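Chemist: The structure is given below, and queries will be raised subsequently.
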Amino acid sequence: METEYKESPYQKLRRSYRLTMEVPLLLGGITTNILLYTACINTLNYTEHECELLLASGPKSNETMVIENEAQQQVSIITMIHSLSGAIVPAVLSLFLGAWSDKYGRKPLVAWPLLGISVSSYLMIVFAAIKSINPWWYLITAIPFSLTGGFCALITGALSYMADITTEKERTFRISLLEAGLLTGTIFGTLGSPYLLDLIGGVPSLVIVAVGYTFGYVFTVLWIPESIQVTEKGSLSSLFDVSLVKDMVKSCIKKRPNKGRRIFILLTVCCTFSVPYTSGLDYLYTRNKLQWSLETFSIFMVVTTLLSVVGLIVGVGVLQKKLKINDLWLTMLSHASSIVDFIIKAFATVTWHMYFGTSISLFRALSQPILRSMLSKLMPIEDMAKIFSLLSISNVAVPMVAAVIFNPLYYATLNDFPGAIYMVCAGMYVFMIVLLCFARHYMQKYPYEPEKVAKYGTNSC
């Protein structure tokens, strides 16, 4: 649904690269355990033996559960502040990044954050190596990744790169493939972290994570080609140009034919709020409610991620490409399955309830790549990076605000109904299905004509 254009030989060469942005990132899964231990021994002043029991597998005694609740309450506050401090600067930078990358290239938006997260990982090694350190020092580890753009820059760069090297027909598949690559990286990190923790300890495990991020940075710099022709090298002063913000805002709010602006706003809101609100609390919830160990939770996350990858492949490869099911219907299916999953998790009392819920939400991962692809098809190619920049801001800002809401909510309901966080999530996804219904109504009543976008960008709304 975008403006048609003919590919130049240079664009065809770019698209011939098969090894591009689908390289998975190595993710670690031991930070929460380290924080629980340091909070227990250094701020709550329990003995080393009592704090080590928090990390042990199997059922816990009543005394250990009391210590666990105290430590979780403090850790939830620390992780909330860590999320906030690590998201504010990237959100501000993203106001400039989309338009900046149109002129100076996409690779910096991917390489900078990978360098920053590598440095943050090495700081995490130092944090974990000092057993007597106060857990609040953990906040310092957010600084390098934040100053280099964080996930805002990484998302903007990766999606803009995908838009550059793909045609409209293959874009949904390639963006879904990118999502599957990131999920696959999560599988390796989540599955390996508890066993590495038992086998070689926390610090060596974090070294492996840091080396993985460093490899991602080196790979990006040396082997991923730039997706646009860059005539001049960008500087720090060129990044903080107010006109870049103005260009992004104008591109996002300008009137478009056939109610295009309304459709854009509805889809953007849905994409913005289709985020994992409780990702930082899921482990704490299962530890408290089901007394899961890190190993048990890691296995669950691996199964969940594998199902998400299968759902992406089946959803895009079969339901969309073969059966020709509409993108909006697939997004509604994704949200509906997530609602059922949230409700089951909220009332889960045994382990199989969690697996039953995650099996039902097989298509949970479909919504983000499909919505991003739909938004890119609504816009002319010169506006895509600006749109993805807006999405990256919203995708970071919403979890940041969610941390302020969900962490205190979990703390307040910890002893009565800790599953309240999942019921709130279910309500949010019901709201998004309503918005998708409105978007479908406008798209059916006012068929969008993409070839007129460039010519009639100021007509109707």
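Chemist: Considering the stretch 274-291 alone, what residues qualify as being hydrophobic (A, V, I, L, M, F, W, C) and buried (at least 20 other Cβ atoms within 10 Å of the Cβ)?
Modeler: Result: Leu281, Leu284.
Chemist: Could you count how many residues in the stretch 191-223 are among the aliphatic types (A, V, I, L, M) and modelled with pLDDT of 85 or more?
Modeler: Of the residues in the stretch 191-223, 6 are among the aliphatic types (A, V, I, L, M) and modelled with pLDDT of 85 or more.
Chemist: Hey, can you tell me all the residues within the stretch 47-95 that are outside any loop (DSSP other than H, G, I, E, B), closer than 19 Å to Leu35 by Cβ and of a type in the set (S, T, N, Q)?
Modeler: Thr64, Asn69, Gln72, Gln73, Gln74, Ser76, Thr79, Ser83, Ser85
Chemist: Out of Thr64, Thr43, which single residue is on the phi < 0 side of the Ramachandran plot and in contact (Cβ under 8 Å) with a residue 24 or more places away in the chain?
Modeler: Result of the check over Thr64, Thr43: Thr43.
Chemist: A further question follows. Which of the residues belonging to the stretch 126-140 are surrounded by fewer than 18 Cβ atoms within 10 Å (Cβ to Cβ), part of a helix (DSSP H, G or I) and either modelled with pLDDT under 90 or charged (D, E, K, R) (or both)?
Modeler: Once the filter is applied, which keeps residues that are surrounded by fewer than 18 Cβ atoms within 10 Å (Cβ to Cβ), part of a helix (DSSP H, G or I) and either modelled with pLDDT under 90 or charged (D, E, K, R) (or both), the stretch 126-140 yields only Ala129.
Chemist: Could you check the stretch 252-268 and list, in sequence order, the residues that are part of a helix (DSSP H, G or I) and over 24 Å from the mean Cα position of the chain (by Cα)?
Modeler: Those that are part of a helix (DSSP H, G or I) and over 24 Å from the mean Cα position of the chain (by Cα): Ile253, Gly260, Arg261, Arg262.
Chemist: Could you list all residues from the stretch 23-61 that are closer than 28 Å to Gly212 by Cα, modelled with pLDDT of 70 or more and β-branched (Val, Ile, Thr)?
Modeler: Across the stretch 23-61, the qualifying residues are Thr31, Thr32, Ile34, Thr38.
Chemist: Starting from the stretch 122-135, keep only residues that are free of Cβ contacts under 8 Å to residues at least 24 places away in the same chain, then list their pairs with residues that are among the hydroxyl-bearing types (Ser, Thr, Tyr) whose Cβ atoms are within a distance under 6 Å, requiring at least 6 positions of separation or different chains.
Modeler: Taking only residues 6 or more apart or on different chains, the pairs are Leu123/Thr141.
Chemist: To continue, here is another question. Has the stretch 263-285 got at least one residue that is more than 29 Å from Asn415 (Cβ to Cβ), modelled with pLDDT under 85 and among the aliphatic types (A, V, I, L, M)?
Modeler: No: the stretch 263-285 contains no residue that is more than 29 Å from Asn415 (Cβ to Cβ), modelled with pLDDT under 85 and among the aliphatic types (A, V, I, L, M).
Chemist: Here is a further query. Please give the number of the condition Ile381 fails out of (1) among the β-branched types (Val, Ile, Thr); (2) over 20 Å from Tyr277 (Cβ atoms); (3) touching a Gly at 6+ places or on another chain (Cβ under 9 Å).
Modeler: Every condition holds for Ile381 apart from (3).
Chemist: For the stretch 141-149, does any single residue satisfy the condition of being modelled with pLDDT under 85, surrounded by 24 or more Cβ atoms within 10 Å (Cβ to Cβ) and not β-branched (Val, Ile, Thr)?
Modeler: Our first condition is that a residue be modelled with pLDDT under 85; within the stretch 141-149, this holds for none.
Checked against the condition, which is being modelled with pLDDT under 85, surrounded by 24 or more Cβ atoms within 10 Å (Cβ to Cβ) and not β-branched (Val, Ile, Thr), the stretch 141-149 yields no hits at all.
Chemist: If you check Leu362, Leu323, which single one turns out to be without any contact (Cβ under 8 Å) to a residue 12 or more places away in the chain and in a loop (DSSP other than H, G, I, E, B)? Reasoning before the result, please.
Modeler: Values: Leu362 fails: without any contact (Cβ under 8 Å) to a residue 12 or more places away in the chain.
Being without any contact (Cβ under 8 Å) to a residue 12 or more places away in the chain and in a loop (DSSP other than H, G, I, E, B) holds for just one of Leu362, Leu323, which is Leu323.
The values are calculated or read from the model by the stated rules, or taken from the named source; none is laboratory data. Just so it is clear, the structure is predicted and the values come from calculations on it, not from any experiment. Please note: Cβ atoms are built from the backbone with ideal geometry, for glycine as well, and neighbour counts cover all protein chains shown.
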